[in-house]
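Working notes, beginning with the structure itself.
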Amino acid sequence: MLVLLHRDYDALSTAAARIVAAFVRRKASLVLGLATGSTTLGMYRELVRMHLDDALDFSKAMTFNLDEYIGLAPEHPRSFHYFMQRNFLSRVNIPQAHIHIPDGTIRNGYEEYCATYEAAIHAAGGIDLQILGIGRDGHIGFNEPASSLGSRTRPKTLSRTTLDDNRRDFSPGEEMPTAAITMGIGTILEARHIVLLASGAAKAKAVAKAIEGPITASVSASALQLHPDVTFLVDEEAAKELAQTDYYRRVMDMTAKLTPGKLW
Ligand code: F6R
């Protein structure tokens, strides 16, 4: 595990975009696993800038999003389809046919649909780089507490914490979905490289549990401790509850010296 501490949200966002850009430049046909959420916005903004100013080319890349609200159609302004198109996908040159986001309008046959989503990831050769955010309850994707650490793509009921947090995206009185289709923790752990972004004091407890706590289904992100190549990008506020920040800084210095380029 590599824990990279960043001054603030902007520094973290730039670092995340540089990682994605380095991967796309290394492998044009990169299979990218993507997340939505406020934390990812700065990264997407910077990637769009790199596409426009630095000719960062996504024409051969393929994307798979982690999740989508059940009940929201792609054109619904609160859907993750809409979020992705508005903030990233429609603003770079990823062919629409290369984009995969779970379908929130499925009414039945979830098992079959989710197996098809997993099969598409497999057919693409697996996810090369998975981007994650983290919920206050430690979720990755929408794998809420008590999700099996081996779980696969499936419908999942949203926790009270997630409902409270995500209510901000909905107008007062507007009905909010209470479930989502999400890649499972087992699905996420199969990605070759994983980068998790965490910003702000509200995430500090979840970040500390994920990185320094025991591996437990009560904190889905703690399962990342089992992954051979995971990088946590954490800003100062989100790092507040970590016990080993001095050590992480020394590892950052050493990594910069031993493997220049590794820290992007
Ligand atoms: C969204 C997703 C979620 C978010 C997490 C953090 O696709 O997978 O796990 O990454 O809820 O959301 P923000 O960044 O809004 O705090």
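The values are calculated or read from the model by the stated rules, or taken from the named source; none is laboratory data. On a predicted model such as this, the values are computed, not experimentally measured, just so you know. Backbone-built Cβ (ideal geometry, glycine too); neighbour counts: all protein chains shown. For accessibility, only protein heavy atoms count, side chains too; no ligands or nucleic acids. Shrake-Rupley method; radii C 1.70, N 1.55, O 1.52, S 1.80 Å.
Some values worked out for this structure:
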item	result
Whole-Å distance, taken between Cα centres, linking segment 16-48 and segment 84-133	15 Å
Potential extension, H122-L226 segment - 0.36 nm per residue separation minus Cα distance	35.4 nm
Of all accessible heavy-atom area on the chain, the percent that carbon and sulfur account for (1.4 Å)	52 percent
Relative contact order [Cα under 8 Å, 6+ residues apart], the chain, whole percent	25 percent
Per residue solvent-accessible surface (Å²) - segment 7-193, probe of 1.4 Å	43 Å²
Among G33, A119, F170 the positive-end extreme of the charge dipole of segment 7-193 (Cβ point charges)	G33
Volume of the Cα convex hull of segment 7-193, divided per residue and given in Å³	121 Å³
Relative contact order (%) - segment 100-228, alpha-carbon pairs under 8 angstrom, separation at least six	34 percent
Across K27/K240; K205/K257; K60/K203; K156/K205; K156/K240, pairs whose alpha-carbon gap is larger than 27 Å	K27/K240; K205/K257; K60/K203; K156/K240
Neighbour-limited loop hits for trypsin sites (Lys or Arg not before Pro), segment 1-102 (at most 10 other Cβ within 10 Å; DSSP other than H, G, I, E, B)	R7
Within segment 7-193: Cβ-based charge dipole about Cα centre, in debye rounded to nearest 20 (Lys, Arg +1; Asp, Glu -1)	400 debye
Per principal axis, descending, Cα span of segment 89-236 in whole Å	43, 38, 33
Rounded to 5, the percent of DSSP beta bridges in the chain classed as antiparallel	30 percent
